[in-house]
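Shown next, in structure tokens, is the structure this report addresses.
The values are calculated or read from the model by the stated rules, or taken from the named source; none is laboratory data. Note that the structure is predicted; figures quoted are calculated from it, not measured. Positions of Cβ are backbone-derived with ideal geometry, glycine not excepted, and every protein chain shown enters the neighbour counts.
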Amino acid sequence: MGIRGLTADVRGRMASLSTVLRASLACAALLISVGCGEPVGESDSASFEAARREFVKLKAQWEVEIKAVSFSSDTADRWTGPAAHAIVGMRKRALPFVMEEIKQGNFFFNIAAVAITGTDQGQGLWSEQERSRKWVQWWDRTSKDPTWNIFLSK
């Protein structure tokens, strides 16, 4: 590979790194804005169907919000609006639905998963599809754990 090819490769990797860093900063901002952990006083018997209805309603609002940033290739830009913050604000109540979105190929929800869990299963990966694959593997391992899936009996 000549110097031009190497330079283009380095620029491409730097642009990808910039996107990953921006996404990480967006996740940190979401965590700060909505807080961490589960809300105080939330019942362990939170209704799965009520949470699903809330998520579906917020997702519909989010889909309207993201039209304003559809020009952006930065996935973090899709998580700056009120509905996006409300989805993350659902915390673990949203996690099964966020994971379902990721399983269905909606990689924009990778950022919501990071913000909700406080961990990044796809850290260091350049491809959103690869990051999604790591999230699906993580959920396959942890969805039976009531620490993460609060709709399971404890």
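Could you tell me whether residue 116 is under 21 Å from residue 50 (Cβ atoms) and in a helix (DSSP H, G or I)? Step through it out loud before you land on a result.
Values: under 21 Å from residue 50 (Cβ atoms): yes; in a helix (DSSP H, G or I): yes.
Yes; evaluated as a whole, the condition is true for this residue.
A single member of 51, 112 is aliphatic (A, V, I, L, M) and more than 19 Å from residue 140 (Cβ to Cβ), and it is 51.
This table checks each residue for (1) touching a Lys or Arg at 6+ places or on another chain (Cβ under 6 Å); (2) among the hydrophobic types (A, V, I, L, M, F, W, C); (3) within 18 Å of residue 52 (Cβ to Cβ); (4) buried (at least 21 other Cβ atoms within 10 Å of the Cβ).
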position: 67; (1), (2), (3), (4): no, no, no, no
position: 80; (1), (2), (3), (4): no, no, no, no
position: 86; (1), (2), (3), (4): no, yes, yes, no
position: 89; (1), (2), (3), (4): no, no, yes, no
position: 98; (1), (2), (3), (4): no, yes, yes, yes
position: 110; (1), (2), (3), (4): yes, no, no, yes
position: 143; (1), (2), (3), (4): no, no, yes, no
position: 149; (1), (2), (3), (4): no, no, yes, no
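Against the numbered list (1) at pLDDT below 95; (2) within 24 Å of residue 47 (Cβ to Cβ); (3) in contact with a helix residue (DSSP H, G or I) (Cβ under 8 Å, 6 or more places away or on another chain); (4) of a type outside the set (Val, Ile, Thr), residue 146 comes up short only at (3).
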